[in-house]
Amino acid sequence: MITVSNLTHRIAGKDILHDISLQIPKGQITALIGPNGAGKSTLLSAIARLTPHQTGQIMVDELEVGTSASNTLAKRLSILPQVPEIAPRLSVAELIGFGRYPYHKGHPTKVDRQKTDEAIVLFELDELHSRPLDTLSGGQKQRALLAMTYAQDTEYMLLDEPLNNLDISTSRSLMQLLRRLAETRGRTVVIVLHDINYACSYADRIVTMKDGRIGRCGAPAKIVDAGMLQHVFSTQAEVHIVNGRPLIEV
Amino acid sequence: MPGKRLVIMTGLMAVCMVFHMTLGTRGSWDFVLPFRGTKLAALLLVAVAVSTSTLLFQTVARNRILTPSIMGFDALYVLIVTLSVFAIGAQSYGTLPPMVQFFLSLAIMVAASMLLFGTLLLHRKEDIVRMILTGIILGVLFRAVNSFVMRMIDPNEYSVIQTSSYARFSRIETDLLGISAVLVLITLALVWRMRHRLDVLALGREAAINLGEDPRRDTVQILLLIAVLVSVSTAFVGPVAFLGLLVTSLTHVITPTAHHAILLPSAALISAIALIGGQTLLEHGLALSTPLAVVIDSFGGILFLFLILKRART
Ligand SMILES: Nc1ncnc2c1ncn2[C@@H]1O[C@H](COP(=O)(O)OP(=O)(O)OP(=O)(O)O)[C@@H](O)[C@H]1O
Ligand SMILES: [Mg+2]
């Protein structure tokens, strides 16, 4: 379980995250939704120690973020940032190989190579595997980055808008893969999604965010309705129930 | 493939070294061998120090145009020497053993570069133009203050420091060779131990943290190593503006890889070939009076312009 307590993050006198307390249960997909600028990426960055948090406490199981050894956390939790910096000349296979670095520290073993190959196959990167990253299309690049995160093989995965640039088939395969990981391997996924229909279809739980605060949280069927969309996103959209799941008209 | 190229370059370097030791020798071998051998060792040290410090800097700065000398590291070292002479007085400074002189400058250099470049790198905005400008301004500033202080020093005592302010490969002071060799070897050993960590750092701050490294701590450590390497090379041959850039650019062409386990030796070999081969060629082959530093800086300068223009267009 990830437990965030009383997390406040202030930049230049402005509260970006305002006294956030949140529990993210294990073995589930939690979708984080909210308008642009709500603080979703900032929250994920804080949990993944990319931005040191100023006040409050973040625990990943028994590991406290900020005091636990970074390498221990790297084997427990991985993040795919919204706009990852990448080394443009790296090949796809090299990039994915780096996902194993927390385990092998530069001396890859057979297991590491197996995991890397598995990720390459899973994300259908076989044909691209020796291509430099800067020659890939947007979606191919995103797939390579996802494969690296997958190869890191951590219990917790934080994915910031991973569907960016992905076509519908790749998006659906990714979400199905995440479901399998959650259900069969007990993996915990926190995923920022802008397409709430994806959140409704694949997430166990939705956490809404607005203006640096956490709003309503719960199962998609419980919380997604016209009122929530109006309140969180200030947009009027109709919500239908199809096969017991909310479906938002766009 | 990079392995094969490393072998070829090692061979090439060996040839350069043999030529350096034997070409145009006059007089007894008893004299020539130790004389040229010391110079060769010094050139080798400088070559490796420059290539390694440049690679390290480019990795932490995540940029292939900036180098320690473009950022003003060696200008800073020269300034520190001049300031020490000014503060202590040339007469008393001259009586200090070279070892003490060197370690004094080295200690100040490490502290000053941590302060300056540490702040610059750790609070870096991903704005390359600003970094280049800052570096150039720092370099100009250090050189300006340096010549200002030199003017305030008694002209009779001027010669003590004048030599340290210009690049030179033909006359190398070798008093410090032993201790410098030890320092550089220790530094290189530490760099070699970091080689995989350097690969990860090159991915960027967030990726490095995600993979369990601490870019802040690593940047500080690497700056320290750079300061030592730059101090040694500047103490030997003075500031060389564009050698590092030339060497690392060639390295990325000859051995294109992200692995420092290959980049580090490759750059060191290229640097050694350029310095030893170039110096031998100029001294004995062409009997030219053009100093090697001028040749290297001309080529390197053109390359720098080219890289900046290419970047400006994309
Ligand atoms: N370095 C910074 N300086 C100033 N403001 C910042 C900084 N970083 C983030 N912010 C502000 O913090 C707020 C939250 O940003 P964040 O990136 O977390 O939003 P988000 O919910 O991920 O939005 P999006 O859906 O657009 O990705 C925004 O208003 C943003 O402008
Ligand atoms: Mg975001």
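The residues of the range B:247-285 occluded by other protein chains by 30 Å² or more of accessible area, set against the chain on its own, are B:ALA258, B:HIS259; surface from heavy atoms, 1.4 Å probe. A Gaussian network model of chain A, with springs between Cα atoms under 10 Å, assigns the largest mean-square fluctuation among A:LYS105, A:LYS75, A:LYS222 to A:LYS105. Spin-label model, B:MET1 to B:VAL253: label points 7 Å out along the Cα-to-beta-carbon direction sit 1.6 nm apart. The relative contact order of chain B comes to 35 percent, based on Cα pairs under 8 Å that sit 6 or more residues apart. Ordering B:MET9, B:MET17 by accessible surface, largest first, gives B:MET17, B:MET9; the 1.4 Å probe counts only protein heavy atoms, with every chain in place. If I compute solvent accessible area with a 1.4 Å probe over the protein chains, what percent of it on the range B:39-313 is carbon and sulfur? Result for the range B:39-313: 69 percent of the exposed heavy-atom area is carbon or sulfur. Interface A-B: total buried accessible area of about 1900 Å², 1.4 Å probe, protein heavy atoms only. Take A:SER234 and A:GLN54, extend 7 Å from each Cα along the Cα→Cβ direction, and tell me the distance between the two endpoints in nm. Those two pseudo-labels are separated by 2.4 nm. Its relative contact order, with pairs defined as Cα atoms under 8 Å and 6+ residues apart, puts chain A at 25 percent. Within chain B, helices built from complete DSSP H runs that reach 27 Å or longer along their own axis (Cα positions) and carry a mean Kyte-Doolittle hydropathy of 0.5 or higher are B:2-22, B:29-61, B:128-152, B:215-237, B:292-313. Count the DSSP beta bridges whose two residues both fall in the protein assembly as shown, then state the antiparallel fraction as a percent rounded to the nearest 5. Taking every DSSP beta bridge within the protein assembly as shown, about 60 percent pair in antiparallel fashion. Taking every full run of DSSP H in chain A, none both stretches at least 27 Å from end to end by Cα along its long axis and averages 1.0 or higher on the Kyte-Doolittle scale. When shorter helices are ignored and each DSSP H run of at least 4 residues is given -39500 (n - 2.57), the per-residue value for chain B at 222 nm works out to -23500 deg cm²/dmol. What a 1.4 Å probe finds exposed on chain A is 50% carbon and sulfur by accessible area, rounded to a whole percent. Under 20 °C and 1.002 mPa s, how fast does the protein assembly as shown diffuse according to Stokes-Einstein, given a Kirkwood radius computed over C-alpha pairs? Answer in µm²/s, whole number. In µm²/s, the coefficient rounds to 81. A straight Cα-to-Cα reach below 17 Å connects A:LYS26 with the aspartates and glutamates A:ASP61, A:GLU62, A:GLU64, A:ASP153, A:GLU155, A:GLU183, A:ASP204, residues fewer than 8 places away in its own chain not being considered. Computed from the C-beta positions of A:LEU122 and B:LEU115 and an R0 of 41 Å, the FRET efficiency is 0.30 to the nearest 0.05. With 32 Å as the limit, the listed pairs A:LYS105/A:LYS210; A:LYS40/B:LYS310; B:LYS4/B:LYS39; A:LYS115/B:LYS310; A:LYS105/B:LYS39 have A:LYS105/A:LYS210; A:LYS40/B:LYS310; A:LYS115/B:LYS310; A:LYS105/B:LYS39 beyond it between alpha carbons. A simple spin-label model places the labels of B:LEU23 and A:SER169 6.2 nm from each other, with each point 7 Å out along Cα-to-Cβ.
Loop sites by DSSP among the trypsin sites (Lys or Arg not before Pro) of chain B, restricted to those with at most 13 other Cβ atoms within 10 angstrom, leave B:172-314 as the longest stretch without any of them. In plain terms, the bigger the Kirkwood radius, the slower the diffusion; for the range A:196-250, with that radius from Cα pairs, at 10 °C and 1.306 mPa s, Stokes-Einstein puts D at 141 µm²/s.
Averaging the sequence gap over all C-alpha pairs within less than 8 Å and six or more residues apart, then dividing by the number of residues, gives the range B:197-314 a relative contact order of 23 percent. Converting phi to 3J(HN,Hα) with the Karplus coefficients 6.51, -1.76 and 1.60 and the offset θ = phi - 60°, the range A:15-29 yields 6, 7, 10, 10, 6, 8, 10, 7, 10, 10, x, 6, x, 10, 9 Hz in sequence order, with x at every glycine or proline. Heavy-atom accessible area, probed at 1.4 angstrom with all protein chains present, ranks A:HIS231, B:HIS260 as A:HIS231, B:HIS260, highest first. Charge tally for A:ARG10 (other residues, Cβ to Cβ under 15 Å; Lys, Arg +1; Asp, Glu -1): -1. Taking amide H atoms as placed 1.01 Å from N in the peptide plane, the amide H of A:LEU7 lies under 5 Å from those of A:ILE20, A:SER21, A:GLN57, each 5 or more residues away in sequence or on another chain. Rounded, prolate or oblate: pick one for chain A, where a ≥ b ≥ c are the square roots of the eigenvalues of its C-alpha gyration tensor, a/c under 1.5 means rounded, and failing that, prolate if a/b is larger than b/c, else oblate. Cα axes put chain A in the oblate bin. List the residues, sorted by chain then number, that are 5 or more residues from A:LEU159 or on another chain and whose placed amide H is less than 5 Å from its amide H. Sorted by chain and number, the residues that satisfy this are A:LEU80, A:VAL190, A:ILE191, A:VAL192. Counting only protein chain heavy atoms and rolling a 1.4 Å probe, the accessible areas of B:VAL182, B:VAL81 rank, largest first, as B:VAL182, B:VAL81.
Fully extending the segment from A:ALA219 to A:HIS104, taken as 0.36 nm per residue of separation minus the present Cα-Cα distance, adds 37.5 nm. Under a model in which nothing but the beta-carbon of Lys, Arg (+1) and Asp, Glu (-1) is charged, the range B:39-313 shows a dipole of about 640 debye around its Cα centre. A run of chain A free of exposed loop cleavage sites, with GluC sites (Glu not before Pro) counted only in DSSP states other than H, G, I, E and B and at most 14 other beta carbons within 10 Å, reaches its longest extent at A:125-237. For B:ASP175, the solvent-accessible surface computed with a 1.4 Å probe is close to 120 Å², ligands and nucleic acids excluded. Treating each Cα of the range B:39-313 as one equal point scatterer and applying the Debye formula with no solvent, the log10 of I(q)/I(0) at q = 0.07, 0.17 Å⁻¹ comes out as -0.24, -1.45.
Average accessible surface for chain B: 45 Å² per residue, computed with a 1.4 Å probe over protein heavy atoms with every protein chain in place. Counting only DSSP beta bridges with both residues in chain A, the antiparallel share comes to about 60 percent. Note that the range B:114-123 has calculated 3J(HN,Hα) couplings of 4, 4, 6, 7, x, 4, 4, 6, 6, 9 Hz, one per residue in order, obtained from phi through the Karplus relation 6.51 cos²θ - 1.76 cosθ + 1.60 (θ = phi - 60°); glycine and proline are x. Dipole orientation for chain A: of the candidates A:GLN176, A:LEU193, A:THR149, A:THR149 has the Cα lying most toward the positive pole (charges on Cβ; Lys, Arg +1; Asp, Glu -1).
The accessible-area loss of the range B:206-222 on complex formation, taken against its chain alone with a 1.4 Å probe, reaches 20 Å² or more at B:GLU206, B:ILE209, B:ASN210, B:LEU211, B:GLY212, B:GLU213.
The values are calculated or read from the model by the stated rules, or taken from the named source; none is laboratory data. Since we're looking at a predicted model, the values are computed, not measured. Glycine also receives a Cβ, built like all others from the backbone with ideal geometry; neighbour counts cover every protein chain displayed. Only protein heavy atoms, including side chains, enter the accessible area calculation; ligands, DNA and RNA are left aside. Shrake-Rupley method; radii C 1.70, N 1.55, O 1.52, S 1.80 Å.
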